[in-house]
1. Which one of 21, 88, 35 is farthest out on the positive end of the charge dipole of the chain, using unit charges on Cβ (Lys, Arg +1; Asp, Glu -1) and the Cα centre as origin?
2. Build a GNM of the chain with springs between Cα atoms under 10 Å: which of 22, 33, 86 gets the top mean-square fluctuation?
3. Given that just one value was derived from the coordinates, which of (1) 59, 33, 27; (2) 54, 29, 24; (3) 54, 40, 22 is Cα extents along the principal axes in Å?
4. Compute the acute angle (0 to 90°) between the alpha-carbon long axis of helix 92-101 and the principal axis of greatest extent of the alpha-carbon atoms of the chain; round to the nearest 10°.
5. Sort 69, 87 so that the residue with the fewest other Cβ atoms within 10 Å of its own Cβ comes first and the one with the most comes last.
6. For residue 77, which lysines qualify as cross-link partners when the Cα separation must be under 16 Å and same-chain residues fewer than eight apart are set aside?
7. Tell me which lysines have Cα within less than 25 Å of residue 12's Cα, excluding those fewer than 8 residues away on the same chain?
8. Would you kindly compute the Cα radius of gyration of region 1-44 and its largest Cα-Cα separation (Dmax), both in Å?
Amino acid sequence: MYTTGEYSIAVKLSLGSVEGLEEFVRQKISIIEGIKSLSYHIITKIIKEDHSTRLTEGLSIRVKCDYCRNEIVGYAKVFNIGYKFERNFCCNSCLTLYRQKYKGRIESLSK
């Protein structure tokens with residue numbers, strides 16, 4: 001991730017503890033030649049996270065259906081579970097079958 005402002009690069013990590021973060025910075029980041037300064041911040045809550053990609057002419061991605069694993073052609077049927085998870089399906093049938101198969105898990109994740 002490149003940034004503007006004081007720092008020229010940002011790295012997003014998911015670690016189990018503050019100690020793990022400090023260890024990672026000490027053992028992996030601070031030893032990199034050329035780093036003049038660094039700062040780290042702890043995210044306490046994510047309001048919205050967007051993983052979408054802007055596609056330009058000549059650039060494409062392949063997305064597989066989260067139920068049948070076939071490649072999605074055209075627009076995906078998107079199913080959001082809570083605010084953390086998003087699933088993509090090739091058709092309404094796969095979306096319905098997925099909901100039926102994982103009904104209990106979906107309910108617990110949506111809470």
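All of the numbers you see were taken from the coordinates with simple rules; none came from a lab. Keep in mind it's a predicted model, so treat the numbers as computed, not measured. Every residue, glycine as well, gets a Cβ built from its backbone with ideal geometry; the counts of neighbours run over all protein chains shown.
1. Selected residue: 88.
2. Result for the chain, Cα springs under 10 Å: 33 fluctuates most.
3. Given (1) 59, 33, 27; (2) 54, 29, 24; (3) 54, 40, 22, the structure-derived one carries the label (3).
4. The angle comes out near 80 degrees.
5. Listing 69, 87 from fewest to most nearby Cβ atoms yields 69, 87.
6. The reachable lysines, counting only those whose Cα sits under 16 Å from residue 77, are 64.
7. Leaving aside lysines fewer than 8 places away in the same chain, those within reach of residue 12 are 28, 36, 45, 48, 84.
8. Reported Rg and Dmax, both Å: 11.1, 30.
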